[in-house]
Structure formats: structure tokens, C-alpha cells
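Everything on this sheet refers to the single structure shown next.
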Amino acid sequence: MSLLWIALLVIAALLPPTFLMLWVWRRDRLPEPSGVVGMTLLLGALTVLPAALIEVALARLFEWETPPKSTTEALLVAFVMAALVEESLKLAVLGRYSARHDAFDEAFDGIVYGVAASLGFAAAENLLYVLQHGFGTAIMRALMAVPMHAACGVLMGSCIGIRSEEHTSELQS
């Protein structure tokens, strides 16, 4: 594989999460500091490593095969091994780093940081899958996996953002 082809695959893997992140970030009426958003992206990307280790351990523990042997096993792999593990790790980034930062001062911040943690994860996961499986995978993930990661980040972030704003209102009362 040529260096040019690898560079194109990296670009194809990183463009969708980058565009989505910029789109969400620009929707914030009081934009978050780039350093905090960047660190949240990085921490989200780094969660790919523990996610992979946990998912491999769960696959061995429950003797799940790739590809799954049945619909039931496919659902368990998708919702327990992948979704539960990955979303828990992204939520940990949001709750342990972003939500504790001074810049987290309004409900929409939860969405920005939730999307940042999720798209950091999606970008790292995209790189792994796209470099292994090629351009077709980049297109499929751009249309399906990346938006789903972002949507999960919006849901997690909005819940934490609303809770944070309610907590701040209670303290001010």
C-alpha cells in the first residue's frame, strides 16, 4: 500500500468526526476553550485502548466468536460487548474530566463535551477500521458509526449538562 493511499485513508477516517465536531462546537453560543475540547477529544480517543481490551476479555469469557454464530449472540456482542463498554468509557471521560472543568458552565456544554469524547473515540476507531478494511469502510462508518457515536454523545452530554445546570441553580437559590 502506497504512502499516498494510506494518507487518503487517514483523511477519509478523520474527516467525518472532524466535521461533526466543528459543527457542534460552532452551535455553542458561548464556545468552549479549544484546549478543553481538544483534551476531551484526546481522552475519548484513548478510550479505544481499554475498550478493545475489555471487549476481547468479554469475548473470551463468554466464548463469543467473530462473526457471531446467531442473532442472539450478535445482539449480545453489539449491545453488551460494544455499546455498554464503549459508552461507559466515553461517559467516564465526560464525567471525570469535562464536567469537572471550570469551562463547563451551561447545559449545552454537556453536548459539546459529550460529542467531543464520543467523536474522539469514533476517530480513533475509524482509523483502526479504515486502515484495516479500506475506503468502503470509511464511507459506511461516515454514514452510520460516526453519527451514532455523536448521537450517543449528545444524549449523554445533554443529561449531564441539564443535571449540572440544575445543580448550579440549586446552589444559587
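All of the numbers you see were taken from the coordinates with simple rules; none came from a lab. Predicted model only: the values in this text are computed from it and were never measured. When we count neighbours, we look across all protein chains shown, and the Cβ atoms used for this are built from the backbone with ideal geometry, even at glycine.
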Assuming R0 = 45 Å, what is the FRET efficiency of residue 163 and residue 56, from their Cβ-Cβ distance, to the nearest 0.05?
-> 0.85
Find the centroid of the Cα atoms in region 1-47 and in region 77-125, then give the distance between the two in whole Å.
-> 14 Å
Could you rank the peptides 91-102, 22-33 by their average count of other C-beta atoms within 10 Å per residue, with the highest value first?
-> 91-102, 22-33
What's the local net charge at residue 48, with K and R +1, D and E -1, over the other residues with C-beta under 11 Å away?
-> -2
CD proxy at 222 nm, helix term only [per DSSP H run n ≥ 4: -39500 (n - 2.57); per residue of the chain; nearest 500] = -25500 deg cm²/dmol
Computed from the mean reciprocal separation of all distinct C-alpha pairs, what Kirkwood hydrodynamic radius does the chain have, in Å?
-> 16.9 Å
If you line up the long axis of helix 107-133 against the longest principal axis of the chain, both from Cα atoms, how many degrees apart are they, to the nearest 10?
-> 20 degrees
On Cα atoms only, tilt of 145-172 relative to the major axis of the chain in degrees | 20 degrees
The simple spin-label model distance between residue 132 and residue 18, using points 7 Å out along Cα→Cβ, in nm, is 2.3 nm
